[in-house]
Structures are given as C-alpha cells and as structure tokens.
Amino acid sequence: MINLVSISKSYRQGNENYKALHEISLTIQAGEFVAIMGPSGSGKSTLINIIGFLDNNFDGQYNFNDTVVNNLNRRDHARLRNQSVGFVFQNFKLIRNQSVGENVGLPLLYAGLKRRDIIARVNDVLEQVGLPGSYDKLPKNLSGGQQQRVAIARAIVTKPNFLVADEPTGALDSATSREIMALFKELNQHGTTVIMVTHDENVARQTNRLIKILDGRLQSDMEVEHADS
Amino acid sequence: MQIRELIISSFRSLISNKRRSILTMIGIIIGIASVITILALGDGARLAMLKNLQADSGGQQSTQITFSPNNSDVKISGFNNEDLARIRSNPKVAKVTVQSDDHGILSSEGTINGKSLSSLVYLATSANDNKILAGRGIKDSDISIDRPVALVNKSIAKKGYRTIRNALNSGIEINGTTYTIIGVIDNNATRGEFYNYDVVVPRHVFETSNATVNANTLKLTFISGTDISKTTNDIKDQLNQMGSQHSSGSYDFYDTAAMLKGVTMVIKGITYFIVAVASISLFIAGIGVMNMMYIAVSERTQEIGIRMAVGASQKQILWQFLIEAVMLTLSGGMIGYLAGLGIAMGISAFLPFKASVSISTFLLAFGTSTIVGLVFGILPAKTASNKNLIDILR
C-alpha cells in the first residue's frame, strides 16, 4: 500500500541545510500495525508527516497504491489527505468552539457530503470509539482521553485506508494510554492499517511491527514478539 | 464543501466574536447609511423639482410661448385659429390653450384664502352663467353697477376653501382687487374652441384696477416622452416664420426645461460630491475589516491547520475567510441601508419633499458592501490559505 523509495528531506536553518531524513525506503502493507520509535530530533515526525500526506515537499518517490504522491499538486494532495488518511495528533487538535460532532464531521464536510448523512455517520463513529451521545458536547468539557477518542473518531470517519498517529498517548496518563491503545488495537483487528509514532517502549510493544529511526536513518525494522502469542 | 456549509461556518465564527464583529461593522454601517441618506434626499429633491416645475398633476409636461408685439401700446392677439390649428396638428402636442387679451382672456396672479394662484381670467362684458355648478352667474346688473363679483372653477374653489359651499360668498383676490365669489363653474369651461378660463370677473371692474396685463400666451401640453424644449423651439421658429403676427412682433419661448436640467445637474453634482466624501468613510471601514480579518486569521492559525489536515483545500480556506469578510460587510451594509432610509425619512419630514426609495439605492448598498468585503477580505483570506500546514502543526 505504502511504498517509500529513498525519501530525503532537508530543512534550511539559517544558512545551513539540515538534513532530517536520509534516503529512507520503506514498505507498509494494508492491515499492518506499525510503530515508529526514535529519540526526539530523529526525524520520526518528519517521516510520518510525509507518510500522512501532510508534507509534500521532499526528495525521492512516494507510491501510495497506484498514485505517485510526490507528483500531486496541492489540491489533489488535499483530497488524498481528506479521503485516504486519518491523522491523530498528540495534542488532539480539536477546534475548540465547535461541538464534538462538528469536529468529527469536518472531514466529511470537506468531502462534500450532505449535513444529514454527516450527522448519521458521526453518531456511528462516536459510538464506535466509546462516546455515544456526545455529539453536542464541547471538547473542553471532555477529559484528555475522551478528547483523543474524538480525534480518533474524526480520523476514521471517512473510512480512510490508514491511520497515522503522532504520539497519540503522549499527553495522556498511563491508564488512559492503555484505553487508547486498546482502541487502536481494536481498529487494527477490524482491518484498519495503523502507523504510529511513539517514544514509549510500552506503547510500541503492543504493535506488530517496530521501526526504529535515528538521525534520519532507519536503524532497525522488525516484527514485535508478543508475550501472549 | 457546500456553499451553505461555508456560510454557516462563517456566520458562527462571526457570532463567536460578537463584540469585535459589531465594532467592525459600525464603520460600514455609518458609511452606507450616509451614502443612502444623501442619495435618497438628493433623489427626492430632484424628483420633487421635476414634478413642480415641469409636469402637471397628471404627469404631463407643458411649456409656454408668448407673443410680444413690437409696439407695446397696441393690443394684438398673437395667435389666430389658423396658428392654433397648425400647432395642434403636431403629433407630439396633446393640448393647446391660448390666453389672449383679444378674446377677453388673460392670465393673472392672485390669492385665495391666503394661497397664491395663477389663473386664466375671463373678463365678462355681459351676463355669464356658462357651465355653472353652484351659486349664480354674473348678471347684467352686476356689470352695470361694477359689483366686484367672480365666478371661479371647482378646483380653485376647493384649493381655497375645501368645499364649493364654503367658497361661495367668500373672497378671491386677483391682480390686487378682491372679488366676492358668487358662483362656481366647471373646470373645463372654455370660450370658443381653444380658450380655457378658470375665473370670470366683470371686465370693467378688472380694468379699473389693472392698466396693463400680460396677454398673448400660448400654453402647450405634450404627450409624455416628448423632448419638450426641442419641440417647443420648433413650434416657436415656425410661428416666427409664418405665424399670423410674425411681422408685427416676436414669439418667444422661455425654456424652463433647460433651466431645470441645470438645476438637476447641480443637485446631482452635490450628491456625487457628498457620496465621494462618504465613500472615504467606507474605505476606512474597509481597512477596519481587513485589520480584523488579519487578526482572525492569526488567531485561528490552529483551526486553519486542523481544517487543512482533515482535507480542506486552499481554495476552501480562502472562501471561508472571504465569505466571513463579505458577510460582515454585507450585514453592515444592510443595517446601514435601513438606517440611511430611516434617517432620510426622518429628515424629509421637516423638508418640503419626500425622500425617494429606489431599488437602485438598495442595489448600490448591496453591491458596495459586497465589494468592500471582497476587496478588503481577499488579502487576509489569501494569507490564511497560503499558510504552510507543516509550520502550523509543528
């Protein structure tokens, strides 16, 4: 599904070019549950922004199914972002003055759906992430874990090909983290591809594939041994 | 995303910042309101003037041609039946009436119950009760003893005293002499074929107090849509060439329409000048809108980032902020329009004319406020849509 061929990315810092990613090649199949680990500054967020179609400014080739992503213009890139990926952020990134339902329905709005269809779909998804009947609540009245559930609901509302999560448990306590991870696992078991960035060993160990990254280079790529399997 | 959704979401973000939105709108409201006030009053003044000077109550336009003899001591009638028939054959002329001393009819100024009037007076030398509606006619005895009595037509009676009955035995002043109204005659009383008259008084009474009176005036009424000054000029030239008295005097036409055009131009000029001044206020208001939109864009950078991250295209972000700016100015414009109309109506209550409400001023307010929104909203909206997603989300 996802095929990266020698992806490089550099930032300009003053007069110097700072290379964040060094020729990364990576293939991820549909249905995988992948964790990307690395210390801060290793380039893992840069990598996941490219994978999640947030960043189209890089060198190398990115094939998504039959699409060559790096050849797309900004409009098609936005459409791909709307329909093929769900993004979950560390700090939830919900629009504060809109209700939970409106936040979740936002991608469908940009996909051009009718309001009535959107409401029905949003209520389904909210139930799926364990927040039934919270359409009209405001995000600020929810706990961190609940807010992250809303963000996950927003990510899966368009039935995307895969989910990308950037430190989804970074702002949560350990108990809530476990609940969120359980939700991701459940989604994955129902067939959703999940790619997440974390620096938490415990979180990473619950996935099926662990990719380690250091100074912009792939360090290791291995199956995760589960104690129970 | 559908336009409706864009509008709803823009409306909500304006509502969530009520105070700021209203303060920004005030500039637009003042600008539009003052433009509308000036336009409505200026238009009203122009229309009132057109109506007063040019057309009668039926909306018909009329002009006058006067004949002045070269020798002012001689009394000659400038228009004979042949002249009148010729003028009448002009397809643009709806009605021809003549006021000629020779036929005992002339126009006079007068007052009735404090109201001034200009009327055609028929100077009777014998008993007259033609077309009488109420009261009695002038008798031979009235004429022989020079009794100051008058017959007036219905509209003059009503103008002075509201009802015909009140008018009877009341007074009317014509050229400095006061007459008692003894009878009321029909509005379309005529003598001969062309000579309308409004008032009948005994000739001798009239002449003892009026040595000179102006006579020889031709009143032309045109069908609507006629270029009246040109047509009247043509008729005047024709009269000067082949009129019955062209050798013993001259026919003149005082072009009130040309004067009217001049006055109208002045009013229009003043209106445009004030509108130009008022549009400075709109310009400043527009800058206020721009300022507010820039603040909104930078305040809502996170929201823009989130919207982009879930798939909003640049165009959709651009439209969202543009529609927000247009909604702000448009609602300001509509409030301003209503306020302007209200002010104009209020002012015109103290003026002799009414403010005019026209669809064009509404369209002007609508268009101007939309354009202000678009012009001053486009740059902030562009800033919003050109934001780099990665920079926002970092």
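When the residues of the stretch B:303-317 are filtered to those that are surrounded by fewer than 22 Cβ atoms within 10 Å (Cβ to Cβ) and within 7 Å of chain A (Cβ to nearest Cβ), which remaining residue is nearest to A:Gln98 (Cα to Cα)? Step by step, filter the stretch B:303-317, then rank; the result is B:Gln316.
Taken residue by residue, the stretch A:71-80 has no member that is modelled with pLDDT of 90 or more, among the aliphatic types (A, V, I, L, M), buried (at least 23 other Cβ atoms within 10 Å of the Cβ) and within 26 Å of A:Met181 (Cα to Cα).
Filter the stretch B:9-22 down to the residues that are surrounded by 15 or more Cβ atoms within 10 Å (Cβ to Cβ) and within 10 Å of another protein chain (Cβ to nearest Cβ) and list them by number. Across the stretch B:9-22, the qualifying residues are B:Ser9, B:Ser13, B:Asn17.
Taking only the stretch A:89-107 into account, find how many residues are part of a helix (DSSP H, G or I) and closer than 30 Å to A:Asp200 by Cβ. Before you say what the answer is, go through the steps one by one.
Taking the stretch A:89-107 and keeping what is part of a helix (DSSP H, G or I), we get A:100-107.
Then keep just the ones that are closer than 30 Å to A:Asp200 by Cβ; that gives A:100, A:103-104, A:106-107.
The total comes to 5.
Is it fair to say B:Gly333 is closer than 20 Å to B:Asp43 by Cβ, more than 14 Å from every other protein chain (Cβ to nearest Cβ) and without any contact (Cβ under 8 Å) to a residue 40 or more places away in the chain? Judged against the criteria, B:Gly333 is not a match. Taken together, the criteria exclude A:Val88 from residues that are away from chain B (no Cβ under 12 Å), touching a residue at least 12 places away in the same chain (Cβ under 8 Å), surrounded by 21 or more Cβ atoms within 10 Å (Cβ to Cβ) and out of contact with any Gly (no Cβ under 9 Å at 6 or more places or on another chain). Here B:Leu282 meets the list (1) surrounded by fewer than 18 Cβ atoms within 10 Å (Cβ to Cβ); (2) away from every other protein chain (no Cβ under 14 Å); (3) in contact (Cβ under 8 Å) with a residue 60 or more places away in the chain almost entirely, failing just condition (1). Does A:Asn97 satisfy the criteria of being out of contact with any Pro (no Cβ under 8 Å at 6 or more places or on another chain), at the interface with another protein chain (Cβ under 10 Å from one of its Cβ atoms) and polar (S, T, N, Q)? Yes: the conditions hold for A:Asn97. A:Tyr110 meets all of the listed conditions (1) part of a helix (DSSP H, G or I); (2) surrounded by fewer than 23 Cβ atoms within 10 Å (Cβ to Cβ); (3) within 12 Å of another protein chain (Cβ to nearest Cβ) but one, namely (2). What about A:Asn65, is it within 20 Å of the chain's Cα centre (by Cα) and within 9 Å of another protein chain (Cβ to nearest Cβ)? No: the conditions fail for A:Asn65. The helices (runs of 4 or more DSSP H) found entirely in the stretch A:138-229 that carry 2 or more residues being within 15 Å of the chain's Cα centre (by Cα) and of a type outside the set (A, V, I, L, M) are A:144-156, A:174-189. Whenever a residue of the stretch A:113-127 is acidic (Asp, Glu), its partners that are at pLDDT below 95 and part of a helix (DSSP H, G or I), lying with C-beta atoms within less than 8 angstrom and at least six residues away or across chains, give the pairs A:Asp117/A:Leu108.
Just so you know, in the stretch A:52-62 the residues that are out of contact with any Ser or Thr (no Cβ under 6 Å at 6 or more places or on another chain) and more than 14 Å from chain B (Cβ to nearest Cβ) include one that is surrounded by the fewest Cβ atoms within 10 Å (Cβ to Cβ), and it is A:Gln61.
The requirement of being at positive phi, at the interface with another protein chain (Cβ under 9 Å from one of its Cβ atoms) and not charged (D, E, K, R) is fulfilled nowhere in the stretch A:146-161; no residue meets it.
Okay, residues lined up against (1) more than 14 Å from chain A (Cβ to nearest Cβ); (2) surrounded by fewer than 19 Cβ atoms within 10 Å (Cβ to Cβ); (3) closer than 18 Å to B:Ile284 by Cβ; (4) touching a residue at least 60 places away in the same chain (Cβ under 8 Å):
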{"residue": "B:Ala344", "(1), (2), (3), (4)": "yes, no, no, yes"}
{"residue": "B:Phe362", "(1), (2), (3), (4)": "yes, yes, no, no"}
{"residue": "B:Phe366", "(1), (2), (3), (4)": "yes, yes, no, no"}
{"residue": "B:Phe376", "(1), (2), (3), (4)": "yes, no, yes, yes"}
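The values are calculated or read from the model by the stated rules, or taken from the named source; none is laboratory data. Remember, it's a predicted structure, so these values are computed and weren't measured experimentally. No Cβ is skipped: glycine too gets one built from the backbone with ideal geometry, and neighbour counts run over all protein chains shown.
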